[in-house]
Amino acid sequence: MKFYKAYAKVNIFLKITGVRGEYHEIISRFMRVNTLYDELSFVPKTENGFEIIGDFSCTVEQNTIYKAYIALKNVTNSDALVTLMQTHAIKVQKSIPTFAGLGGGSSDAATYLLMCNEILQLGLSVEELAQIGVKVGADVPFFVYGYESANVSGIGEIVEPFEEEILDFEVFTPDIQISTPKVYQIYRKNFYAPIGGVQTQKLKETASLEILKNFNAKELNDLFQPALQEYKELAKYYNPEWYFSGSGSSFFKTT
């Protein structure tokens with residue numbers, strides 16, 4: 001049985017550049033965390049229906065893997081895909097915390113798409129898989145491309161590889177389940193201050209280690225202040241030497 005690794009990510013920085021309808025446009029540096037990943041595999045089914053084996057608090061229909069299956073099926077109309085999921089379950093050994101700003105759900109969905117494409121020989125390009133992935137979640141394309149470091153913009157659909165040495169991270173995730181939509185809602189209401197093109201371009205061109213040396217968590221992540229406002233218990237976990245990933249609740253630092 002082959003295992004596929006679904007890696008976590010951290011946001012070196014996450015800045016808002018504007019809005020697109022209900023969505024916020026961002027510029028962010030995503031970097032893969034090589035030491036933190038879920039493991040996915042196909043195993044024979046034990047029950048009827050689409051089966052996901054793993055430690056998930058959501059329903060199957062809410063799971064990003066199931067959403068990825070529906071999106072892939074709608075694009076490919078693949079009988080082989082349907083047959084695969086009629087005979088096999090997708091097993092997930094969870095190591096990435098949920099509601100943590102580490103991209104676990106997006107990474108699982110992306111890895112599922114890559115697994116199906118390889119095993120079933122669907123012949124889809126990485127770009128085509130990324131286009132399917134963005135229908136599941138804004139962060140999914142980054143994980144489909146498999147870059148170690150990338151500048152991510154738009155609402156997450158624009159992924160540009162950034163050539164640099166990948167960093168080693170220590171990640172700490174408090175037991176606080178944070179709602180990303182809620183944090184963005186508070187940001188737009190109380191903290192909305194999009195950055196301009198010059199600042200955006202400078203961030204895109206600067207190495208992650210240099211950025212981390214010169215800025216703190218509140219300066220680098222526009223979602224940190226709204227998260228602190230809504231989830232006041234976060235404050236007791238904040239250490240100025242650490243940084244904040246995504247909408248939280250995870251903190252990270254280099255080792």
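A few remarks follow.
- Residue match in region 31-41 (condition: of a type in the set (A, V, I, L, M, F, W, C) and farther than 27 Å from TYR243 by Cβ): yes
- Within region 230-255, the residues that satisfy the criterion of being over 19 Å from TYR187 (Cβ atoms) and assigned to a loop (DSSP other than H, G, I, E, B) are ASN239, PRO240, GLU241, TRP242, THR255.
- Among the residues of region 19-28, not a single one is of a type in the set (Gly, Ala, Ser), closer than 30 Å to GLU219 by Cα, touching a helix residue (DSSP H, G or I) at 6+ places or on another chain (Cβ under 6 Å) and assigned to a strand (DSSP E or B).
- Unmet criterion (only one of (1) within 26 Å of GLU160 (Cβ to Cβ); (2) modelled with pLDDT of 95 or more) for SER247: (2)
Yes or no, residue by residue, for (1) acidic (Asp, Glu); (2) more than 30 Å from ALA227 (Cβ to Cβ); (3) crowded, with 19+ Cβ neighbours inside 10 Å:
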position	(1), (2), (3)
ILE65	no, no, yes
TYR69	no, yes, yes
LEU72	no, yes, yes
SER78	no, yes, no
THR87	no, yes, no
GLY101	no, no, yes
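- Filter result for THR200 (crowded, with 16+ Cβ neighbours inside 10 Å and more than 25 Å from TYR7 (Cα to Cα)): yes
- Filtered residues of region 50-88 (kept if in a strand (DSSP E or B) and of a type outside the set (A, V, I, L, M, F, W, C)): HIS88
- Qualifying residue in region 111-127 (condition: at pLDDT 95 or above, over 26 Å from THR206 (Cα atoms), buried (at least 18 other Cβ atoms within 10 Å of the Cβ) and in contact with a Lys or Arg (Cβ under 8 Å, 6 or more places away or on another chain)): yes
- Extreme residue, surrounded by the most Cβ atoms within 10 Å (Cβ to Cβ), among residues of region 128-183 that are in contact with a helix residue (DSSP H, G or I) (Cβ under 9 Å, 6 or more places away or on another chain), of a type in the set (D, E, K, R) and not in a strand (DSSP E or B): ASP139
- Pair list, Cβ < 9 Å and 6+ apart or interchain, from region 226-255 residues that are farther than 19 Å from SER179 by Cβ to residues that are surrounded by fewer than 16 Cβ atoms within 10 Å (Cβ to Cβ) and of a type in the set (A, V, I, L, M): THR254/LEU209
The values are calculated or read from the model by the stated rules, or taken from the named source; none is laboratory data. Since the model is a prediction, treat every value here as computed from it, not as a measurement. Backbone-built Cβ (ideal geometry, glycine too); neighbour counts: all protein chains shown.
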